[in-house]
1. On a full-extension model of 0.36 nm per residue, what is the gain between Met5 and Thr242, subtracting their alpha-carbon distance, rounded to one decimal in nm?
2. Residue separation times 0.36 nm, minus the C-alpha to C-alpha distance between Glu168 and Asp126: what's the value?
3. With each label point set 7 Å from Cα along the Cα-Cβ vector, what nm distance links Glu48 and Leu193?
4. Near the amide H of Glu36, under 5 Å away, which other amide H atoms are found, from residues 5 or more places off or on another chain, if H is placed in the peptide plane?
5. Using a basic spin-label model with each label point 7 Å from the Cα along Cα→Cβ, how many nm lie between Lys58 and Asp159?
6. How far apart, in nm, are the 7 Å Cα→Cβ label points at Thr142 and Asp230?
7. Report, to one decimal in Å, the Kirkwood hydrodynamic radius for the range 107-260 based on all distinct Cα pairs.
8. Magnitude of the Cβ-charge dipole of the chain, K/R +1 and D/E -1, about the Cα centre, nearest 20 debye?
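The values are calculated or read from the model by the stated rules, or taken from the named source; none is laboratory data. Since the model is a prediction, treat every value here as computed from it, not as a measurement. Ideal geometry is used to build each Cβ from the backbone, glycine not excepted, and the neighbour counts take in all protein chains shown. Note: areas computed on protein heavy atoms with side chains; ligands, DNA, RNA excluded. Shrake-Rupley method; radii C 1.70, N 1.55, O 1.52, S 1.80 Å.
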Amino acid sequence: MKDSMIPVVFISDDNFIMPTCVAITSLLVNKAPETEYDVYIIMAECSESSYEKINELKSFGSPINLVRASLDEYRDIKQLAHISIACLLKFDVSELVPNYDKLLYLDGDIIVRGDLSDLYNVELGDHYAAGVKEILNMDEETGNVNAGIMLFNAKRIRDEKLNLKMREVRRSLGDRGSMDQQTYNIVTGKDYLYQDIKYNCVPPKVIELATGRIERLNEVYGSDYKGPQDVINKAVIIHYATGDKPWKYTFRPWAKEWYEYYKLSPYKNVPFKLRGIWGYRWDKLVNIVRKKGISGVFAILKERKERRNKKTGKWE
């Protein structure tokens with residue numbers, strides 16, 4: 001292990017192995033020539049075929065380390081929405097990759113557009129982590145971080161056995177849509193170094209929440225963006241954090257960029273069926289009727305009317 005290497009950690013199960021391979025592909029093809037990544041994939045009880053696909057990533061020339069992990073500790077926690085219980089292994093990242101004092105964690109539903117050396121080189125001091133404040137919390141002095149991209153102070157987390165505290169807190173929260181993020185923000189007391197939104201950009205949220213409020217966004221993130229589209233254009237990490245993943249729906253504007261990395265990944269010769277606009281609308285209708293009954297239909301019609309009456313950015 002070289003001192004100059006940057007450890008980057010992902011977590012995956014069989015259901016998420018394909019997008020995780022695409023994310024790692026984007027990470028490796030867009031690194032600076034002098035940057036050396038040491039990539040770790042924590043594999044949550046994956047099949048041998050998944051291991052084979054991950055091993056193909058070694059063709060990019062960076063070390064690829066496979067860490068086998070059990071989900072036994074978390075099976076009693078209910079899985080909600082599109083979020084797998086495998087994400088709870090994020091509590092154990094510092095223990096599962098014990099040979100670094102600082103670890104860069106990335107979710108698998110991202111693409112990396114540039115080099116991440118500057119992010120990794122952030123001096124954490126005694127802070128638990130560095131991350132990007134949730135754009136939903138722009139008006140809070142200390143807001144939650146989006147836990148999909150985090151630079152962990154692994155030594156402090158190990159020394160304080162924080163993983164055990166997070167397990168306890170997560171169980172106390174009961175069934176939640178946020179499997180791990182809320183727990184992190186509670187246990188760490190939001191003891192973070194907040195970073196520029198370019199390192200965790202969720203385009204639909206930027207369009208929705210920063211339109212007409214770019215001055216506030218710049219104040220929060222210490223940036224000087226000219227508008228929401230400028231934020232998206234300059235993003236280093238695009239995070240597909242909503243349920244409308246680019247490997248599910250062809251019509252989404254961000255699907256095309258993701259697909260370019262898919263074609264470079266170990267899955268490039270594996271075709272998959274994408275659903276178009278009508279498939280998306282049907283899925284949305286079914287889901288909202290299940291939750292709200294017939295009133296959900298009227299909610300969709302109201303939303304469509306509101307969308308037609310406002311200007312939308314190209315990422316919406």
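1. Stretched out fully, the Met5 to Thr242 stretch lengthens by 82.2 nm.
2. Answer, rounded to one decimal: 12.8 nm.
3. 4.5 nm
4. Under 5 Å from the amide H of Glu36 lie the amide H atoms of Ile6, each far enough along the sequence or on another chain.
5. Using points 7 Å along Cα→Cβ, the separation is 3.6 nm.
6. Label at Thr142, label at Asp230, 3.1 nm between them.
7. When all Cα pairs of the range 107-260 are included, the Kirkwood radius is 16.5 Å.
8. Details: 48 positive and 45 negative charges, 385 e Å.
The dipole of the chain has a size of about 1840 debye.
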